[in-house]
């Protein structure tokens with residue numbers, strides 16, 4: 001499932017194509033994705049001007065001139081693509097498999113001959129609309145923790161969120177109320193960089209370990225955004241290009257490989273925690 005860096009990559013790709021443009025026509029090609037489309041979905045979007053695109057955690061937020069926000073979650077296989085009259089992505093830029101048009105579940109036609117397609121073969125993604133002024137009450141957003149690359153995130157904030165928790169730190173970091181937007185890949189990578197075992201109880205983290213971990217989380221997220229995210233299975237950016245942070249993985253998906261930490265002769269292992277694969281080095285992660 002796309003994590004924060006992948007959704008941020010999508011936001012940055014869509015912004016120049018959508019911001020400031022009027023939505024002239026909308027096609028809704030099925031009644032539902034993971035959840036039903038909002039009531040009067042087409043009617044509420046048509047005629048609106050896209051004021052800006054934001055992101056919160058793993059959610060894309062498209063702000064509309066009429067005072068509503070279109071929230072989108074990509075799920076497992078959701079993908080936005082951009083078509084323009086004279087700037088369809090060149091074949092040499094497209095590294096991902098082309099999307100099958102039969103899975104184009106929502107299509108936005110914007111002024112200036114711009115077409116935005118939402119394609120989702122597995123239909124685990126979803127879209128909803130809400131009044132922008134009521135954002136704090138939207139269930140998907142109400143209890144989210146701080147963004148890991150924001151000024152609101154620090155070792156002090158992280159330590160406070162973990163204090164007293166017995167859950168393994170790996171699972172605590174996947175709790176969106178602790179830090180927003182983190183998923184399995186980047187938690188594994190951050191824990192390895194900080195030298196912290198994924199099995200360690202969260203209540204032992206506040207203090208020096210929290211300082212190392214907060215830095216590692218921020219660095220991993222920023223580096224992944226710079227790299228355009230990680231392309232595993234379904235993810236591709238809006239022009240079809242794959243992210244390449246997966247080429248920098250230290251542990252994720254590298255079971256049996258030698259640990260890359262300087263001076264460590266350990267081997268990357270895989271365990272299962274709450275039905276998710278965890279990759280780590282048992283020698284340098286304590």
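Which of the residues belonging to region 250-277 are over 15 Å from residue 193 (Cβ atoms) and in contact (Cβ under 8 Å) with a residue 24 or more places away in the chain?
253, 255, 271, 273, 274, 276, 277, listed by residue number.
Could you give me the residue pairs with C-beta distances under 7 Å whose first residue belongs to region 154-175 and is part of a loop (DSSP other than H, G, I, E, B), whose second residue is surrounded by fewer than 16 Cβ atoms within 10 Å (Cβ to Cβ) wherever it lies, and which are 6+ apart or on separate chains?
163/203; 164/203; 165/203; 166/201; 166/203
Looking at (1) surrounded by 16 or more Cβ atoms within 10 Å (Cβ to Cβ); (2) outside the structural domain of residue 80 (by TED's automatic domain parsing), find the lone condition where residue 106 falls short.
Among (1) surrounded by 16 or more Cβ atoms within 10 Å (Cβ to Cβ); (2) outside the structural domain of residue 80 (by TED's automatic domain parsing), the lone unmet condition for residue 106 is (2).
Of everything in region 243-272 that's surrounded by fewer than 17 Cβ atoms within 10 Å (Cβ to Cβ) and within 30 Å of residue 11 (Cβ to Cβ), which residue is modelled with the lowest pLDDT? Step through it out loud before you land on a result.
Kept after step one, since they are surrounded by fewer than 17 Cβ atoms within 10 Å (Cβ to Cβ), are these residues of region 243-272: 244, 247-248, 253, 255-258, 260, 262-267, 270-272.
Pick out the ones that are also within 30 Å of residue 11 (Cβ to Cβ) and you get 244, 247-248, 253.
On the way: 244: 45, 247: 60, 248: 74, 253: 92.
Looking at the filtered set, the residue picked out is 244.
What number goes with the only condition from (1) over 17 Å from residue 60 (Cβ atoms); (2) in contact (Cβ under 8 Å) with a residue 12 or more places away in the chain; (3) part of a loop (DSSP other than H, G, I, E, B) that residue 180 does not pass?
Of (1) over 17 Å from residue 60 (Cβ atoms); (2) in contact (Cβ under 8 Å) with a residue 12 or more places away in the chain; (3) part of a loop (DSSP other than H, G, I, E, B), only one is false for residue 180: (1).
The values are calculated or read from the model by the stated rules, or taken from the named source; none is laboratory data. Computed from a prediction, not measured in an experiment: that's the story for all the values here. Positions of Cβ are backbone-derived with ideal geometry, glycine not excepted, and every protein chain shown enters the neighbour counts.
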